Amino acid sequence: MTTPQERYVQAGDYRVRVLEAGQGEPILFLHGAMGAGIWTEGMARLAEQFRVLLPDHPGFGPSPLPDWLIGMDDMVFHYLELLDALDIREPVRMAGVSFGGWIAAEFAAFHPERVKKLVLIDAAGLRIPAVPMPDIFRLPPQNILPLVFHDLSKAMALMPKDFGPDTLIQMFHDRSAFARLSWNPYLHNPKLPRRLHRATIPTLLIWGQQDQLIPPVYAEEYKRLLPSATIAHIDQCGHDPTIEQPEEFARIAGEFLR
């Protein structure tokens, strides 16, 4: 598996860790709520075709939770700053999984001129009242894993090899940042549906067919709201195809992003 290089980038007034691997056209890849610093096999396979950049979200990973991070507009502004700091001035290929997909959708709605192509992977951000998402803030971990993984043996991909007290502290740190943006309203922005029509760039919605956290019906809702979106379902796959079906994910995403 391609091993990424780690570096720190000053994005405005905030210093952020970025993992990077591969060559060619850049892809800004936005991780999920538990994905800070986790380089999945799907990302590694994508890095065989592109230059993949995986930054930590503000407040995730080793970086402190900033006072200015209050809403999704703050996150969008941060990623504008980061793209400038990375000297990526041309429209960029952007991908995001789960919580990261939500951020990517918000970014594309506000700044479609900065995005060349968009991949949303089992993305949060929307709410379908008839199909509510399970409340992961209230569930114990043993009840969350079956919602996320179709194959529970793949769950170890989210566990750092050096798991210990520091890792546990880091997990609570990340959860605090996640909760600040996702607690209320839960895992969605009620303003996002009204904004998505502005995300006019080509968009691919990749969804695990067995995702029980954000079911495939949410892909249909994103497709309804986005002007130029198509859906690719991946079978035998839960909430994160980059972990459960990395080869198929990289094939589908790579073909679209080329």
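List of remarks:
- Fully extending the segment from THR3 to GLU247 would add 86.2 nm, taking 0.36 nm per residue of separation and subtracting the current Cα-Cα distance.
- Taking amide H as placed 1.01 Å from N in the peptide plane, the amide H of GLY32 sits under 5 Å from that of VAL97, GLY100, each at least 5 places away or on another chain.
- Extending 7 Å from the Cα toward the beta-carbon at both GLN209 and ASN143 defines two label points whose distance is 2.9 nm.
- Measuring r between the beta carbons of ARG194 and GLU113 and using R0 = 22 Å, the FRET efficiency lands at 0.70.
- Between amide H atoms placed 1.01 Å from N, distances below 5 Å from GLY208 occur with ASP122, ILE234, all of them 5 or more places distant or on a separate chain.
- Antiparallel DSSP beta bridges within the chain, as percent of all bridges there, nearest 5: 30 percent
- For the peptides 139-145, 229-235, 38-44, residues were scored by their other Cβ atoms within 10 Å and the scores averaged per peptide; the highest-first order is 38-44, 229-235, 139-145.
- Computed extension gain for ASN184 through ASP67, at 0.36 nm per residue and net of the alpha carbon distance, reaches 40.3 nm.
- Normalised by the number of residues in the chain, the average gap of Cα pairs under 8 Å and 6 or more apart makes the relative contact order 21 percent.
- Shape class of the chain from the alpha-carbon gyration tensor: rounded, with the ratio a/c of largest to smallest axis under 1.5.
- Region 14-165: relative contact order in percent, alpha carbon pairs under 8 Å with at least 6 residues between: 22 percent
- Cut-off 10 Å between beta-carbons: net charge of the residues surrounding ALA250, Lys and Arg +1, Asp and Glu -1: -3
Since every read-out is calculated from the coordinates, none of them should be taken as a lab result. From a predicted model like this one, the values you see are computed outputs, not experimental measurements. Using ideal geometry, Cβ is built from the backbone for each residue, glycine included, and neighbour counts are taken over all protein chains shown.
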